[in-house]
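Have a look at the structure below, then the notes.
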Amino acid sequence: MEKLDLILQKLDGLDHKVDSIERKVDSLEKKVDSLEHRMESMEHRMDSMELRMDSMERRMDSMERRMDSMEIRMDSMERRMDSMERRMDSMERKVDSLETRMNDEFFKLNLRLENEVFFGIKAVADGHADIMRKYKNLLDDRYDKEQILVRLVHHESMIHEIERNCKKCA
């Protein structure tokens, strides 16, 4: 019996160990269930993130296409700006050329004014002074003639008076 008690004791010990192991297994199962639940939750989150990543990838593709389009437009604008810059350079050269020509023409015009026009004006002024001198002489001559005429008329009138007085005396 002793052996049986010993065996029962050992069985009780084993039973306690099995109960302990069962509790540990139950605890492990709960942990595994919790882990499985967490894994499922993570899978859902991963699926959601994958969907978001797909959406972001589509948006990035769209943005990339827009960026490509903008790059093409920028290249076109750059070519247009280069063309405009060349045209502006050409216009600048033309303006410089015109400015040089205008300065040359202005210089020539000044020379012509000094050499021809001013000489002509001086000649006209000299002629005008000569005409004014001759006109003054004519006016002086005319004044002298008018004074002589006034004296003549006065003398004639005095002669007529004297003749009348002589006829009255005779």
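Observations, loosely collected:
- The lysines whose alpha-carbon is closer than 28 Å to the alpha-carbon of residue 136, local same-chain residues fewer than 8 away aside, are 122, 145.
- What separates the Cα centres of the range 22-49 and the range 100-170 is a distance of 134 Å.
- Unit charges on C-beta of K, R, D, E only; dipole of the range 1-129, Debye: 620 debye
- Along the axis of the charge dipole computed for the chain (Cβ charges of +1 for Lys and Arg, -1 for Asp and Glu, origin at the Cα centre), the listed residues 60, 98, 162 are led at the positive end by 162.
- 1.4 Å probe accessible area per residue over the range 1-144, in Å²: 100 Å²
- Using a Gaussian network model of the chain in which every pair of alpha carbons under 10 angstrom is joined by a spring, one finds that among 95, 150, 124 the greatest mean-square fluctuation is at 150.
- For the range 87-152, size of Cβ-based charge dipole, Lys and Arg +1, Asp and Glu -1, in debye: 280 debye
- From phi via Karplus (6.51, -1.76, 1.60), per-residue ³J(HN,Hα) for the range 104-116 in Hz, x at Gly/Pro: 4, 5, 5, 4, 4, 5, 4, 4, 5, 4, 5, 7, 10
- With a Cα cut-off of under 28 Å and a minimum spacing of 8 residues unless on different chains, the lysine pairs in the range 2-62 number 4.
- Cα-based convex hull, the chain, per residue volume (Å³, whole number): 390 Å³
- Once the mean of 1/r is taken over each pair of separate Cα atoms and inverted, the range 97-170 shows a Kirkwood hydrodynamic radius of 18.0 Å.
- Solvent-accessible area, 1.4 Å probe, carbon plus sulfur percent, for the range 16-165: 59 percent
- 14 Å beta-carbon shell around residue 87, net charge (K/R +1, D/E -1): +1
- The accessible area of residue 46, taken with all protein chains in place and a 1.4 Å probe, comes to roughly 110 Å².
- A straight Cα-to-Cα reach below 17 Å connects residue 108 with none of the lysines, residues fewer than 8 places away in its own chain not being considered.
The values are calculated or read from the model by the stated rules, or taken from the named source; none is laboratory data. Just so it is clear, the structure is predicted and the values come from calculations on it, not from any experiment. No Cβ is skipped: glycine too gets one built from the backbone with ideal geometry, and neighbour counts run over all protein chains shown. Quick note on the areas: whole protein, heavy atoms, side chains included, nothing else; ligands and nucleic acids left out. Shrake-Rupley method; radii C 1.70, N 1.55, O 1.52, S 1.80 Å.
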